[in-house]
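One structure is given below, encoded as structure tokens.
The values are calculated or read from the model by the stated rules, or taken from the named source; none is laboratory data. Being a predicted model, the structure only gives us computed values, none of them experimental. When the accessible area is computed, the model is the full protein with side chains, heavy atoms only, and any ligands, DNA or RNA have been set aside. Shrake-Rupley method; radii C 1.70, N 1.55, O 1.52, S 1.80 Å.
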Amino acid sequence: MFERKIAFAVGAVAWLACATAQQGPGLGVPATPEQGAGWDIRIGPDGAGLPAGSGTAAAGKVVYEAKCLACHGVDGAGQPNDRLAGGQGTLREAAPIRTVGSYWPYATTVFDYVRRAMPLDTPGSLTDNEVYAVTAFLLAANQVIPMTVTLDSASLVAVT
């Protein structure tokens with residue numbers, strides 16, 4: 001009987017605490033539209049929103065080797081993470097190889113993904129010039145563009 005009274009008392013105190021507690025954790029403040037706009041960095045297939053800057057495949061290889069190789073292997077061959085190069089013509093096979101060259105429909109969305117999500121341990125840390133360069137390197141590694149092309153907002157949109 002005594003244990004029931006204790007359980008009731010504990011339950012009553014917990015209910016009272018919940019009933020009088022502030023709604024939500026009370027952390028932070030609502031973001032302003034201006035703050036939200038700073039995070040709106042999406043780049044669509046048409047290239048709208050591409051930043052100023054440029055990069056070459058040669059410069060991209062240097063950035064890739066410093067910041068991407070540990071996860072994606074030499075020249076995008078894969079291991080331990082996704083393969084980024086090769087795989088052309090495999091999408092209809094039983095085990096397709098989805099890479100930048102075989103699967104990504106727009107060069108601008110490669111830029112967008114690298115800019116937002118890579119490198120995995122520090123996403124968004126690459127400069128716009130580094131992103132253009134890495135994108136150029138990945139496209140060249142997949143024979144989509146020649147190694148000599150310089151990518152910028154105009155030339156990236158023209159890549160097919």
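Before moving on, here are some points about what is shown:
- The portion of the accessible surface of segment 22-160 made up by carbon and sulfur, rounded to a whole percent, is 57 (1.4 Å probe; DNA, RNA and ligands excluded).
- For segment 84-97, 3J(HN,Hα) computed residue by residue from phi via the Karplus equation (6.51, -1.76, 1.60; θ = phi - 60°) reads 10, 10, x, x, 4, x, 9, 5, 9, 7, 4, 10, x, 9 Hz, glycine and proline entered as x.
- 5 angstrom amide H check on I145, placed H, neighbours 5+ away: A140
- Nearest-10 value in Å² for the accessible area of E130, using the 1.4 Å probe: 40 Å²
- Taking R116, R98 and ordering them by how much accessible surface each has at a 1.4 Å probe, largest first, produces R98, R116.
- Each residue of segment 109-120 was assigned a 3J(HN,Hα) from its phi angle through the Karplus curve 6.51 cos²θ - 1.76 cosθ + 1.60 (θ = phi - 60°); the sequence is 7, 5, 4, 4, 5, 4, 5, 7, 10, 10, x, 4 Hz, with glycine and proline shown as x.
- Shape call, segment 89-160: gyration tensor on alpha carbons, a/c limit 1.5: oblate
- The 3J(HN,Hα) values that the Karplus relation (6.51, -1.76, 1.60; θ = phi - 60°) gives for segment 126-139 are, in residue order, 6, 6, 4, 5, 5, 5, 4, 5, 5, 4, 4, 4, 5, 5 Hz. Gly and Pro appear as x.
- Probe 1.4 Å, accessible area per residue of segment 112-160, Å²: 48 Å²
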